[in-house]
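The values are calculated or read from the model by the stated rules, or taken from the named source; none is laboratory data. Just so it is clear, the structure is predicted and the values come from calculations on it, not from any experiment. Backbone-built Cβ (ideal geometry, glycine too); neighbour counts: all protein chains shown.
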Amino acid sequence: MKKLVLMTVCLLTVYGHVYAQGNNKIIVKVDRINSADGTINVALFNSEKDFLNKAFMSKVKKANTGELEFEFEDVPNGEYTISIYHDENENGELDKNFIGIPDEPYGVSREGRSMFGPPNYDDAKFILANENAKLIISLD
């Protein structure tokens, strides 16, 4: 009997630990894709320090007009942002003009764009805690 109780406690502890970490899914619907040229690049960031520099997870799909959907699975609980750009010329980067304004369509979670300069992390962040998330992000 003692062994059964001990095994039950151990299993509940392991299950509780796994559940607390989260096994979430993020579905990202990208809309306002105006061209089938190039690729749509979606990056998931998990810290302000890495925002727009080093993605936690990323996905790329061939572009098509209209909309595309991306899924990130097994995402731990935490704070995240998403950045998307339409790499129309497939050079692997968001092209910008001589003063740094993007020449290719892009979008950010929670429409966290800045009037001047790059998107603001605090405006784009969202919290994931033991639930799936579905975001719609428009390219402009």
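In region 46-61, which residues are out of contact with any strand residue (DSSP E or B) (no Cβ under 6 Å at 6 or more places or on another chain) and not in a loop (DSSP other than H, G, I, E, B)?
Hits for region 46-61: nothing passes.
Going residue by residue through region 75-89, is there one that turns out to be among the small types (G, A, S), closer than 26 Å to A36 by Cβ and loosely packed, with under 15 Cβ neighbours inside 10 Å?
no
Of the conditions (1) surrounded by fewer than 13 Cβ atoms within 10 Å (Cβ to Cβ); (2) polar (S, T, N, Q); (3) free of Cβ contacts under 8 Å to residues at least 24 places away in the same chain, S58 satisfies every one except a single condition; which number is it?
(1)
Restricting to region 90-109, give me the number of residues that are farther than 16 Å from L135 by Cα, surrounded by 14 or more Cβ atoms within 10 Å (Cβ to Cβ) and of a type in the set (A, V, I, L, M).
Adding up the residues that qualify gives 1.
Considering region 84-117 alone, what residues qualify as being touching a Gly at 6+ places or on another chain (Cβ under 7 Å) and part of a loop (DSSP other than H, G, I, E, B)?
Within region 84-117, E88, N89, E90 meet the criteria.
Here are some residues: K29, K61. Which one is modelled with pLDDT of 95 or more and over 13 Å from L135 (Cβ atoms)?
Residue meeting the stated conditions: K61.
Six or more apart or on different chains, Cβ atoms under 6 Å: show the pairs whose first residue is in region 89-108 and aromatic (F, W, Y) and whose second is surrounded by 12 or more Cβ atoms within 10 Å (Cβ to Cβ) and not in a loop (DSSP other than H, G, I, E, B).
Note: pairs meeting the criteria are Y106/Y85.
Part of a strand (DSSP E or B), closer than 17 Å to N24 by Cβ, of a type outside the set (A, V, I, L, M, F, W, C) and touching a strand residue (DSSP E or B) at 6+ places or on another chain (Cβ under 9 Å) - does that describe any residue in region 118-135?
Yes, that holds for at least one residue.
Here's the yes/no breakdown for (1) out of contact with any Lys or Arg (no Cβ under 9 Å at 6 or more places or on another chain); (2) closer than 19 Å to T65 by Cβ; (3) not charged (D, E, K, R):
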position: H86; (1), (2), (3): yes, yes, yes
position: G92; (1), (2), (3): yes, no, yes
position: N97; (1), (2), (3): yes, no, yes
position: I101; (1), (2), (3): yes, no, yes
position: G117; (1), (2), (3): yes, no, yes
position: A124; (1), (2), (3): no, no, yes
position: L135; (1), (2), (3): no, no, yes
position: L139; (1), (2), (3): no, yes, yes
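Conditions: (1) surrounded by fewer than 18 Cβ atoms within 10 Å (Cβ to Cβ); (2) under 20 Å from D37 (Cβ atoms). L139 meets all but one. Number of the miss?
Checking L139 against (1) surrounded by fewer than 18 Cβ atoms within 10 Å (Cβ to Cβ); (2) under 20 Å from D37 (Cβ atoms), the one that fails is (1).
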